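Visitor: Questions regarding the structure given below will be posed in turn.
The values are calculated or read from the model by the stated rules, or taken from the named source; none is laboratory data. Note that the coordinates shown come from a computational prediction; the quantities given were computed from them, not determined experimentally. Every residue, glycine among them, receives a Cβ derived from its backbone with ideal geometry; neighbour counts consider all protein chains shown. Side chains included, ligands, DNA and RNA excluded: accessible areas come from the protein's heavy atoms. Shrake-Rupley method; radii C 1.70, N 1.55, O 1.52, S 1.80 Å.
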Amino acid sequence: MCETCGCNITPGNKDTESGKAAVEVLHSLLHENDHQAAHNRQHFDQHQTLAINLMSSPGSGKTALLEHTIDKLGDQLNIAVIEGDLETENDANRIRDKGAPAVQITTGSACHLDAHMVHDGLHQLELDGVDILFIENVGNLVCPASFDLGHHKNVTLLSSTEGDDKPSKYPVMFRAADLMLITKADLLEVLDDFDTDKATENFRQLAKQDPVLTVSSKKGSGMDEWINWLKSSLTDYREKLAAGKTQQPAIQSDGAAMHSHDHAHHSHGHAHVHSHES
Amino acid sequence: MHELAVCQDIITQVEQLAIEHKAKAIHSINLEIGPLSGVEAALLKAAFPIASAGTVAENAQLEITAIAVTVNCNICHKQSQAAANKLICEHCGSWQTRLVTGDEMVLKRIEMDT
């Protein structure tokens, strides 16, 4: 493995002048995305901004959670939001109405945010003084899990109306979670088929030791625990920065692992070539 | 359906490697995919001709090696195979395991005409 840039390319032999050559690459399939994500992460780190990627199905209450989070935390910490949706400025407007800066990314028909879209969104957002940036991903339990955005933590929401077996049905998404947040807890008393213990057990079966919290944005239950999780995540993150490190989501794609080095030192120029003269 | 986006990323990488190695054409592209990568091999194969059209990889063979899910138990320290949505140790039944293989999405190797 290459120790110079850490991107797992073995040192190259000489290229052949003619014939066939095989190149051992060992890059993530999302190498381009991951490279951009590393750049985004450096940008966040320069501003000491903790970036949290919120993922869930459409309609699980991501924006409502953010509205109530800004209500509770807005006077203590500076919060900004990047909103991802296929269309409309609605969610960004809801955040702005709460007094926090928001950038809306409309993806057209793309089912997820990628690192390039977030980078473009960052050009419209002043990060100076921002403590926590929430990136509200496109509502989708499949694709967003595969794309590193440069964020530091993943939070996956599971609303009580969706069914407690969602972690078993969408293991890639729930494996990515640093925190699983069961939302719309106020409906639990009328939804007798959603069992929070079962949802937690299905999450644990993905080898997840990470915390599970149950909240109701509408009634306010569980919000204090959520706020505490945010505050302690911010403290942990800044302690890591002070020690000269950064933070990545606990479960990261191969690509993010390969890009855990300073991306500025990256080089594409030394793939390992075996010649097959023909 | 993000496999097209994944394919486009692969093509960008392959085009770069082709330039670096002065390749005239790409023969084959070998990937390793695990079920916990979130990428579906069949959909990648379907998306590949669209992403590669008009590029140096247009006629390349896309070869995909499927990787099984294996976990290492934090409690009994034995290794076992597991289902993608049940990463349980088959020896002691613990869920406190660590994924060893199964989340790969790796561009492993390409063959080219130089």
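Visitor: Could you name every one of the strands (runs of 3 or more DSSP E) located completely within segment A:22-109 that has at least 2 residues being of a type outside the set (Ser, Thr, Tyr), free of Cβ contacts under 8 Å to residues at least 40 places away in the same chain and buried (at least 18 other Cβ atoms within 10 Å of the Cβ)?
Guide: Here the list reads A:102-106.
Visitor: Please work out if residue B:44 is facing chain A (nearest Cβ under 7 Å) and touching a residue at least 40 places away in the same chain (Cβ under 8 Å).
Guide: So residue B:44 does not fit the description; no.
Visitor: From the list B:68, B:83, B:60, which residue is over 19 Å from residue A:143 (Cα atoms) and at the interface with chain A (Cβ under 10 Å from one of its Cβ atoms)? If you could, list the steps in order and put the result at the bottom.
Guide: On the way: B:68 fails: at the interface with chain A (Cβ under 10 Å from one of its Cβ atoms); B:60 fails: at the interface with chain A (Cβ under 10 Å from one of its Cβ atoms).
Being over 19 Å from residue A:143 (Cα atoms) and at the interface with chain A (Cβ under 10 Å from one of its Cβ atoms) holds for just one of B:68, B:83, B:60, which is B:83.
Visitor: Something else now. Just the residues that are open to solvent by 20 Å² or more (accessible area, probe 1.4 Å) and assigned to a helix (DSSP H, G or I), please, taken from segment A:135-170.
Guide: Answer for segment A:135-170, where residues must be open to solvent by 20 Å² or more (accessible area, probe 1.4 Å) and assigned to a helix (DSSP H, G or I): A:145, A:166, A:168, A:169.
Visitor: Separate question: Quick check on segment B:25-35. Is at least one of its residues at pLDDT 95 or above, open to solvent by less than 70 Å² (accessible area, probe 1.4 Å), part of a loop (DSSP other than H, G, I, E, B) and within 10 Å of chain A (Cβ to nearest Cβ)?
Guide: Scanning segment B:25-35, I find at least one residue that is at pLDDT 95 or above, open to solvent by less than 70 Å² (accessible area, probe 1.4 Å), part of a loop (DSSP other than H, G, I, E, B) and within 10 Å of chain A (Cβ to nearest Cβ), so the answer is yes.
Visitor: Examine segment B:87-98 for a residue that is more than 13 Å from chain A (Cβ to nearest Cβ) and closer than 20 Å to residue A:28 by Cβ, and state whether such a residue exists.
Guide: no
Visitor: Tell me whether segment A:141-158 contains one or more residues that are free of Cβ contacts under 8 Å to residues at least 24 places away in the same chain, closer than 22 Å to residue A:40 by Cα and within 14 Å of chain B (Cβ to nearest Cβ).
Guide: The first filter runs over segment A:141-158 and keeps only residues free of Cβ contacts under 8 Å to residues at least 24 places away in the same chain, leaving none.
No, there is no match, as no residue in segment A:141-158 is free of Cβ contacts under 8 Å to residues at least 24 places away in the same chain, closer than 22 Å to residue A:40 by Cα and within 14 Å of chain B (Cβ to nearest Cβ).
Visitor: Only one residue in A:63, A:49, A:107 is in contact with a Leu (Cβ under 6 Å, 6 or more places away or on another chain) and at pLDDT 95 or above. Which one? Before you say what the answer is, go through the steps one by one.
Guide: Numbers: A:63 fails: in contact with a Leu (Cβ under 6 Å, 6 or more places away or on another chain); A:107 fails: at pLDDT 95 or above.
Checking each option against the conditions leaves just A:49.
Visitor: Looking at (1) in a loop (DSSP other than H, G, I, E, B); (2) touching a Lys or Arg at 6+ places or on another chain (Cβ under 9 Å), find the lone condition where residue A:209 falls short.
Guide: For residue A:209, the exception is condition (2).
Visitor: Moving on to the next point. So residue B:50 passes all but one of these: (1) closer than 27 Å to residue A:143 by Cα; (2) within 12 Å of chain A (Cβ to nearest Cβ); (3) open to solvent by 60 Å² or more (accessible area, probe 1.4 Å). Which condition number does it fail?
Guide: It fails just one condition, (2).
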